[in-house]
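Comments concern the structure below.
The values are calculated or read from the model by the stated rules, or taken from the named source; none is laboratory data. Since the model is a prediction, treat every value here as computed from it, not as a measurement. Note that we place each Cβ from the backbone using ideal geometry, even for glycine, and neighbour counts take in every protein chain shown. When the accessible area is computed, the model is the full protein with side chains, heavy atoms only, and any ligands, DNA or RNA have been set aside. Shrake-Rupley method; radii C 1.70, N 1.55, O 1.52, S 1.80 Å.
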Amino acid sequence: MTSEATTNKDRVYIFDTTLRDGEQSPGATMTLEEKLQVAEILDDMGVDIIEAGFPIASNGDFEAVSEVAKRSKRAVIAGLARAIPADIDRAAEAIRHAKRGRIHTFVSTSPIHLAHQMRKSQDEVLEIITKTVTQARNLIDDVEWSAMDATRTPVEYLMRCVEAAIKAGATTINVPDTVGYAVPEEHFSLFKTLIEKVPGADKVIFSTHCHNDLGLAVANSLAGVRAGARQVECTINGLGERAGNAALEEIVMALRTRADAMPYYTNIETTELARVSKIVSAAANFPVQYNKAIVGKNAFAHESGIHQDGMLKNAETYEIMTPASVGIKATVLVMGKHSGRAAFKDKLRELGYELGDNAFQEAFVRFKDLADRKKHVYDADIIALVDDEVGSAGDRIKLVNMEVISKTGGVHRCDLTLSVDGEPVSVRFDGTGSVDAIFNAIKEAVGSQPHLVLYAVDGVTGGTDAQASVHVRLELNGRIVSGQAAEPDTLVASARAYLNAYNRLLIERGAAAQGALAG
Ligand code: KIV
Ligand code: ZN
């Protein structure tokens, strides 16, 4: 246990796993640049531990963990490893350059996992724990051990496993609710039992890691904290496998807003929450649900007359925290077609973007184009435009030109020119509607037939001149990827979102340990 943890008994450490468990969410793959951007903001906003990936999973994962480690400032950088010697060595190598690194190794402990996935006896797993934690401790001082599917493990056996991990040198013990099965009272008791009864428990930090299958991830995490856990594993926007992980912003704001009921604190700069939510949503191409607590579009919107009346008289009538405390600024009319480079740069800085020269230049050209076409340009328009620009910067296949004909009861045709690695490719294709014709034309041009899993259109702001924000999710050979684009023209946005997703299919990702990735 760190000396700070010993002295500050009420401090809760935030372990962010957006880049590992979050990125495992189908379709949420991020590029290296996006991961680095997310890691930097997590580090700057006070996240204590960043789980940057699963180094053995692929060369891409290894490179991401290693690069995040090299650039880390204050945060501990963790790399995940199964209870396999090669995984542990690879994780150690990936975090080698971190200012402070951690190996996070896990093994299943529940009867169902032991019987069907591991095909090992309880005693064999106990031996594996001792061996692998010892191996990790010989490589680094900071070792976290996780009991996968802990909440479906008989508590007596779980206690023996935790004891073995502590004896072998684990410094953090994580008790995951891998399948989101726990309920708060039960989770509280589980942590109480482990912390009070396992020999050596006072020497380590206990950690919660809750999945949201029953919508209880945050409640269970907080129950763990009340019982003595001092590390919470969570993700931005609750991103993660299936129904996701506990949402970082919800944990942090619950602890802050209800400090009277839960007298614990974190080191997170809460005014960064809205910004990091937007950046992760754009990077992972995962829209945030409108009524999502803390960071949803409607989280601070008051629609009913009674509520609006109360808000005008005193905001505290219906607001338990201020939008400003999570970094939400009032929507303002920002700029028009006469705004120059300096004003645009200032606005970007205010919205939290620092673009390189080329990216700034391209974003400025698109802003001017948008301002020519759209009467009012709002903050939301600029955010959509920049996220789109950044998210498609490395795309190998780009839209050059498109013409769509759509006749009632008649033909729907798309003439399309793409640039594929700099080479022009032109095709014509018909469809049952305009979007179908566009997507068919793209498939013809790239010579591949991914399956369309999701197509969603939303307005960035109100009004018929609003930019259309389009999300597309594609599946090819079991891999799911997402893409997005924002444009005043819905059809152009659709084509660009499809291409953005397709480009992500082209990013190489090894299959090595994918099957073993945990929830
Ligand atoms: O949910 C889980 O059990 C995990 C472990 C790898 C910690 O993600
Ligand atoms: Zn998990």
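Listed values, structure above:
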quantity: All positions within segment 342-361 that are of a type in the set (D, E, K, R) and surrounded by 17 or more Cβ atoms within 10 Å (Cβ to Cβ); calculated: 347
quantity: Filter pass, residue 461 being in contact (Cβ under 8 Å) with a residue 12 or more places away in the chain and of a type in the set (S, T, N, Q); calculated: yes
quantity: Residue within segment 223-241 that is touching a residue at least 60 places away in the same chain (Cβ under 8 Å), within 28 Å of residue 123 (Cβ to Cβ), open to solvent by 10 Å² or more (accessible area, probe 1.4 Å) and not acidic (Asp, Glu) present; calculated: no
quantity: Residue satisfying condition, being surrounded by fewer than 17 Cβ atoms within 10 Å (Cβ to Cβ), among the hydroxyl-bearing types (Ser, Thr, Tyr), on the phi < 0 side of the Ramachandran plot and touching a residue at least 12 places away in the same chain (Cβ under 8 Å), within set 130, 151, 105; calculated: 130
quantity: Within segment 131-161, tally of residues that are assigned to a helix (DSSP H, G or I) and either under 29 Å from the mean Cα position of the chain (by Cα) or closer than 16 Å to residue 89 by Cα (or both); calculated: 12
quantity: Failed item, numbered, when residue 302 is tested on (1) open to solvent by less than 50 Å² (accessible area, probe 1.4 Å); (2) more than 21 Å from residue 471 (Cβ to Cβ); (3) at pLDDT 95 or above; calculated: (3)
quantity: The listed residue being within 15 Å of ligand 2 (Cβ to nearest atom) and of a type in the set (Asp, Glu), out of 16, 61; calculated: 16
quantity: Strands (runs of 3 or more DSSP E) fully within segment 377-472 counting 3 or more residues that are modelled with pLDDT under 90; calculated: 451-459
quantity: Considering residues of segment 207-221 that are hydrophobic (A, V, I, L, M, F, W, C) and out of contact with any helix residue (DSSP H, G or I) (no Cβ under 6 Å at 6 or more places or on another chain) only, the residue nearest to ligand 2 (Cβ to nearest atom); calculated: 217
quantity: Members of segment 1-23 that are modelled with pLDDT under 90 and open to solvent by less than 30 Å² (accessible area, probe 1.4 Å); calculated: 5
quantity: Any hit, segment 488-499, residues being in a loop (DSSP other than H, G, I, E, B) and either away from ligand 1 (no atom under 16 Å from the Cβ) or at pLDDT 90 or above (or both); calculated: yes
quantity: Test for residue 383: is it surrounded by 15 or more Cβ atoms within 10 Å (Cβ to Cβ) and touching a residue at least 40 places away in the same chain (Cβ under 8 Å); calculated: yes
